[in-house]
């Protein structure tokens, strides 16, 4: 659920922007929490973001790996539409995956801000959320999402980015779920002695969650990660 690129470029840009990357994360969850002793160690993420004259499209696919193969898969695709000038855009989204993940359909409004040099920015998204097979009487929910990025240090050597989701969903542990995944990246191509075409970054992600994935309470799970940008 990275959503990192949603704020990188504003949907009203006249130019066409295309960006994609692949990430590999080593998860430390099983070493921190005894009840997560079977948690997969490796997660891959593929992200794609593209703008056009009608807005932008973003998707990502997460897969968790065990020695027996892929243990879990999740994907999310969003479309932002804007036929006018201004900071607001229409937001359409689908979430789905394997195991405990139910299909979810979201519709809402995005407010986006970017600095003039695109070194920092954020988006705020308010959405109606329909969760399939959630509860015959309570399939209708809502979700609030914040997304941010900040490129800093000399020649934008580092990036701090991420998202935070808060949504309504009836579970055994309560009616609300919180999930945030801030990331920090060091871009090797910006360092002295490295080729400027080396699109490799090293960094970390910290998974912050409350009542997420069937777990009760608050969890903090860090990863060590590498990323290649295409």
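The values are calculated or read from the model by the stated rules, or taken from the named source; none is laboratory data. Remember, it's a predicted structure, so these values are computed and weren't measured experimentally. Please note: Cβ atoms are built from the backbone with ideal geometry, for glycine as well, and neighbour counts cover all protein chains shown.
I'd like the residue in region 151-183 that is in a loop (DSSP other than H, G, I, E, B) and more than 22 Å from the chain's Cα centre (by Cα) and, out of all such residues, is nearest to residue 100 (Cα to Cα).
First, the residues of region 151-183 that are in a loop (DSSP other than H, G, I, E, B): 153, 157, 172-173, 181-182.
Cutting the leftovers down to more than 22 Å from the chain's Cα centre (by Cα) gives us 153, 172-173.
On the way: 153: 41, 172: 13, 173: 15 Å.
Here the residue is 172.
Within region 213-225, can you find the residues that are in a strand (DSSP E or B) and either loosely packed, with under 15 Cβ neighbours inside 10 Å or out of contact with any helix residue (DSSP H, G or I) (no Cβ under 9 Å at 6 or more places or on another chain) (or both)?
218, 220, 224, 225
Keeping to region 128-144, report how many residues are at pLDDT below 95, buried (at least 16 other Cβ atoms within 10 Å of the Cβ) and farther than 11 Å from residue 170 by Cβ.
Total meeting the criteria: 0.
Which of the following residues is assigned to a strand (DSSP E or B) and closer than 28 Å to residue 82 by Cβ: 228, 148? Please lay out each step first, then the result.
Numbers: 228 fails: closer than 28 Å to residue 82 by Cβ.
After applying the criteria, what remains is 148.
Restricting region 11-25 to residues that are surrounded by 14 or more Cβ atoms within 10 Å (Cβ to Cβ) and not in a strand (DSSP E or B), which is modelled with the highest pLDDT? Give the steps one after another, and end with the answer.
To start, the set of residues in region 11-25 that are surrounded by 14 or more Cβ atoms within 10 Å (Cβ to Cβ) comprises 11-13, 17, 19-25.
Now narrow it down to the ones that are not in a strand (DSSP E or B): 11-13, 17.
Details: 11: 40, 12: 39, 13: 41, 17: 70.
By that ranking, first place goes to 17.
Hey, can you tell me all the residues within region 196-212 that are surrounded by fewer than 16 Cβ atoms within 10 Å (Cβ to Cβ) and either free of Cβ contacts under 8 Å to residues at least 12 places away in the same chain or part of a loop (DSSP other than H, G, I, E, B) (or both)? Full working, then the answer.
If we filter region 196-212 for residues that are surrounded by fewer than 16 Cβ atoms within 10 Å (Cβ to Cβ), which is where we start, we get 196-200, 202, 206.
Passing the criteria: 196, 197, 198, 199.
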